[in-house]
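Colleague: Can you keep this structure in mind? I'll have questions shortly.
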Amino acid sequence: MKTILLAGGLGSRLAEETVAIPKPMVEVGGRPIIARVMDIYCHFGHTDFIVAAGYKAMMLKQFFANYHLIANDISVSVDTGEVRLSPISKGGWTVSVVDTGAHTMTSGRIARLRDWIGDETFMVTYSDGLGNVDIGALLEFHRSHGKLATVTAVQPPARFGNIELVGDRVQAFTEKVRRYDTWINGGFFVFEPAVFDYLVDEMEPLEQTPLAQLTQDGELMAYRHFGFWHPMDTVRDRNTLNELCMEDTPPWLCFDEKTRRREHLALAI
């Protein structure tokens, strides 16, 4: 199954980085965040990717064209220029980088990849959000309901501290709090090919009319993800994700049942 990675936006809220590189190339723990997203899918055996590039598309093409050199150790003969790879690990990725236009919106980027997808179920996600989404369970959920589209619903990370009040008295002051009744679009979509028929205006975001029309037609279902999820919209987000890379296993790659159960219970409290 092919996975489309939306990677063409300007990333204006990360302007200090994206003035020089596309947002998916901003590094998290020494690697571009787009590669971190691909790690999640690869964990579940999905290694066929299509990068829907736009802004500074050439940099994404250059990165993946040289990824075999970046991801492995090499030996070079300075006399002949011969390069021998010493693989560190086998990712098995196949990556197509398609320039879908510098100013195209997300629905247009997907629409331009119709011939690349054909008549198969496919997945789509953003290149700037990380989460330990169980891709296998997501696909099982999608197949179970028989609708055209599935979006992964996530609960947003808190960005401000919380004061709990009883009358005018402060009962508790917490650094971070999550609203358990709030769900947002976390990406990690699964689409049937008929979704292409909803992508009629390439200058419109996927998140507007296409998803609204799918909702109105009763064709959009939500897979609730209770585990880790964090976007990279700001410098603060990037710094947070960099810190999380210091852990033995970053939280977006923690897929064991014990961890997921603990996170689910924590969110239910």
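Colleague: Under a 5 Å amide H to amide H cut-off, with H placed in plane at 1.01 Å, what residues pair with Ser127 once short-range neighbours are removed?
Modeller: Under 5 Å from the amide H of Ser127 lie the amide H atoms of Leu6, each far enough along the sequence or on another chain.
Colleague: Follow-up question, since we're still on this one. Would you compute, from DSSP H runs of 4+ residues alone, the mean residue ellipticity of the chain at 222 nm, taking -39500 (n - 2.57) per run and dividing by the full residue count, rounded to the nearest 500?
Modeller: Numbers: 10 runs with 79 residues, N = 269.
Taken over the chain, the calculation gives -8000 deg cm²/dmol.
Colleague: Could you work out the relative contact order of the chain? I mean the mean sequence separation of Cα pairs under 8 Å and 6+ apart, divided by the number of residues, in percent. Please report the intermediate quantities before stating the final value.
Modeller: Numbers: 473 pairs, mean separation 61.9, N = 269.
Worked out over the chain, it gives 23 percent.
Colleague: Okay, next question. Counting only DSSP beta bridges with both residues in the chain, tell me the antiparallel percent, nearest 5.
Modeller: On the way: 21 of 42 bridges.
Roughly 50 percent of the DSSP beta bridges within the chain come out antiparallel.
Colleague: If you don't mind, another one. Please give the Cα centre distance for the range 1-63 versus the range 188-213, rounded to the nearest Å.
Modeller: The range 1-63 and the range 188-213 have Cα centres spaced 21 Å from each other.
Colleague: May I ask you to evaluate 6.51 cos²θ - 1.76 cosθ + 1.60, the Karplus curve with θ = phi - 60°, for each residue of the range 37-48 and list the ³J(HN,Hα) values in order in whole Hz, giving x for glycine and proline?
Modeller: Along the range 37-48, the couplings run 5, 5, 4, 4, 5, 4, 4, 9, x, 9, 10, 9 Hz.
Colleague: If you roll a 1.4 Å probe over the heavy atoms of the protein chains, what accessible area per residue do you get for the chain, in Å²?
Modeller: Working: 14070 Å² over 269 residues.
Roughly 52 Å² per residue, with all protein chains present.
Colleague: Can you list the residues, at least 5 places off or on another chain, whose amide H is less than 5 Å from the amide H of Leu113, using H built in the peptide plane?
Modeller: When sequence neighbours closer than 5 places are left aside, there are no close amide H contacts.
Colleague: Which whole-Hz ³J(HN,Hα) couplings does the range 107-117 yield from phi under the Karplus relation 6.51 cos²θ - 1.76 cosθ + 1.60, θ = phi - 60°, glycine and proline marked x?
Modeller: 5, x, 4, 5, 4, 5, 9, 4, 5, 6, 8
Colleague: Under a 5 Å amide H to amide H cut-off, with H placed in plane at 1.01 Å, what residues pair with Lys2 once short-range neighbours are removed?
Modeller: The list, which skips near neighbours in sequence, is Met123.
Colleague: What residue among Ala65, Gly54, Ala20 has its Cα farthest toward the positive end of the dipole of the chain, where the charges are +1 on Lys, Arg and -1 on Asp, Glu, each on the Cβ?
Modeller: Going by the charge dipole, the pick is Ala20.
Colleague: Ok, one more. Can you work out the Karplus-derived ³J(HN,Hα) for every residue in the range 246-256? Use 6.51 cos²θ - 1.76 cosθ + 1.60 with θ = phi - 60°, whole Hz, and x for glycine or proline.
Modeller: For the range 246-256, the Karplus-derived couplings read 6, 6, 4, 10, x, x, 6, 10, 8, 10, 5 Hz, x marking Gly and Pro.
The values are calculated or read from the model by the stated rules, or taken from the named source; none is laboratory data. Nothing here was measured: the structure is a model prediction, and the numbers come from that model. Here the Cβ is made from the backbone with ideal geometry for all residues, glycine too, and neighbour counts use every protein chain on show. With ligands, DNA and RNA removed, areas are computed over all heavy atoms of the protein, side chains included. Shrake-Rupley method; radii C 1.70, N 1.55, O 1.52, S 1.80 Å.
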